[in-house]
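Each value in this text was obtained by applying a stated rule to the coordinates, not by laboratory testing. Source: prediction; values computed, not measured. Cβ placement follows ideal geometry from the backbone for every residue including glycine, while neighbour counts extend to all protein chains displayed.
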Amino acid sequence: MKIFFKQNKFRIFGVFCVVFSQLGTLPESLFPTAILWALITPLIGLCFIPLSIEEFIKRRKYYQHFSTFYILFLLILTIKTFQYSLDSDEHNDFSVMSYNVSVFNIYSYLNHDYKEGKELMNWLMENQTDIYCFQEYYNITPPSKKHNPEGIFNANKNLGTSKGYHVYAPPFLTNHIDATFGLATISKFPIVKKEKVDFKKIGGSTTNGILITDIKLSSNDTIKVFNCHLQSIILDNGETKYKNRWDRWTSTTLKIHKGAVLRQKQIDIIMDLIKKSPYPVVLCGDFNEPPYGYGYFSFDSLLKNSFENKGNGFGFTLRDLPFRIDQIFYSSQLTLNTFITETSIKASDHYPIISYFSIEK
């Protein structure tokens with residue numbers, strides 16, 4: 001037995017890597033810490049490269065099969081991590097932007113003179129996307145020198161009605177100056193049906209939820225748009241005092257697990273709603289988990305992913321961290337022509353992502 005392990009240590013390590021690379025796709029309630037494995041899946045994937053080379057060089061009986069096995073799993077991970085695509089010349093029937101706008105940086109500790117918030121609002125006002133799905137949305141109506149200079153943060157008006165767009169932005173939270181927070185779906189096309197699902201009822205954070213809108217593109221074509229903001233990984237603000245490193249580690253792990261369990265419940269709700277849709281679906285938003293987790297694989301079983309089909313590069317959607325947690329999924333009845341991650345827009349801690357679609361006739 002000892003000789004067997006010594007001779008096959010790389011194979012055994014490789015098998016463990018394969019198993020570990022799939023743990024992140026499991027529901028958190030079934031396998032606690034699944035989200036932790038999802039977060040480190042790219043690092044596990046890197047192990048397949050030397051393992052494949054080592055097996056291939058040996059070239060003994062069956063070793064080539066192990067090499068092929070590793071390469072297959074590496075390709076699966078690569079597809080979800082890195083892409084190169086060409087745009088289609090097809091006519092675009094409509095476009096969708098998903099963007100966590102981080103409340104337009106209205107807080108003074110983020111933006112003392114509202115410079116970034118104004119730049120972001122001006123960019124969005126000039127942008128010509130047909131359907132906007134915003135997360136961490138903020139709107140304040142009355143002009144105020146202190147809170148809303150020049151009415152710049154009257155987002156419902158500036159991004160919606162003044163452009164002739166239809167606005168659905170029900171408040172998830174209203175503060176002491178009557179400013180509202182939450183999600184917003186703003187459409188060039190008529191919104192013929194709308195629904196709000198608030199995740200506070202199942203223990204989610206205040207502004208986590210879904211906006212569901214039926215959008216009529218033409219007399220013959222209607223789509224159902226799901227604009228989502230799922231539970232984040234819940235961490236402390238850095239002010240909590242811990243007895244030691246182990247105390248910090250266990251506390252952090254439990255908080256991550258709690259967030260993942262809540263997110264799983266939210267994902268299951270969305271999956272049921274998608275299955276009931278009579279129309280082609282666009283599902284987008286801030287999913288707060290990488291593309292190796294339970295949510296991504298669940299949605300990928302029903303819908304197509306924009307980045308996987310028309311993305312370029314790594315497609316990271318966070319400004320300061322190498323993660324892609326914002327997604328646009330779509331039904332097979334829709335054809336994706338172009339997908340863009342707007343990395344030049346840095347006012348939020350997320351980048352906007354845009355998909356351009358045509359409808360299969």
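How do CYS47, CYS228, CYS284 rank when sorted from fewest to most other Cβ atoms within 10 Å of their own Cβ?
Numbers: CYS47 18, CYS228 28, CYS284 25.
By the 10 Å Cβ count, ascending: CYS47, CYS284, CYS228.
Could you order peptides 121-130, 210-219 by the average number of other Cβ atoms within 10 Å of their residues, highest first?
Details: 121-130: 15.5, 210-219: 18.8.
Highest mean packing first, the order is 210-219, 121-130.
Can you compute the FRET efficiency between ILE202 and ASN309 using 1/(1 + (r/R0)^6), with r the Cβ-Cβ distance and R0 = 25 Å? Round to the nearest 0.05. If you can, show how the numbers build up before the last one.
Working: r = 32 Å, r/R0 = 1.27.
Efficiency, from the Cβ-Cβ distance: 0.20.
Could you identify which residue out of LYS276, LYS194, LYS255 has the top mean-square fluctuation in a GNM of the chain using Cα springs shorter than 10 Å?
LYS276
Order 321-328, 297-304 from most to least packed using the mean count of other Cβ atoms within 10 Å. Walk me through the numbers before you get to the answer.
On the way: 321-328: 19.1, 297-304: 17.0.
Most protected by this proxy first, the peptides run 321-328, 297-304.
Filter the chain for me: DSSP H helices, axial length by Cα at least 15 angstrom, mean Kyte-Doolittle hydropathy not below 0.0. List them by residue number.
Numbers: long enough: 9-23 (21 Å, 1.43); 34-58 (35 Å, 1.63); 63-79 (24 Å, 1.51); 115-126 (17 Å, -0.98); 245-275 (45 Å, -0.42).
Qualifying helices, which must be both long enough and hydrophobic enough, are 9-23, 34-58, 63-79.
Between LYS258 and PHE82, what is 0.36 nm times their sequence separation minus the Cα-Cα distance? Round to one decimal in nm.
Details: separation 176, 0.36 × 176 = 63.36 nm, distance 2.95 nm.
Fully extending the segment from LYS258 to PHE82 adds 60.4 nm.
Take HIS257, HIS229, HIS176 and order them by how many other Cβ atoms sit within 10 Å, fewest up front.
Working: HIS257 19, HIS229 27, HIS176 5.
Ordered by Cβ neighbours within 10 Å, fewest first: HIS176, HIS257, HIS229.
What FRET efficiency comes out for LYS275 versus LYS194 if R0 is 25 angstrom and r is the Cβ-Cβ distance? Round to the nearest 0.05. Each step should come with its number before you reach the end.
Numbers: r = 20 Å, r/R0 = 0.79.
That gives a FRET efficiency of 0.80.
So how far apart, in nm, are the two label points at GLU119 and PHE16 if each is 7 Å from Cα heading toward Cβ?
For the pair GLU119/PHE16, the computed spacing is 4.7 nm.
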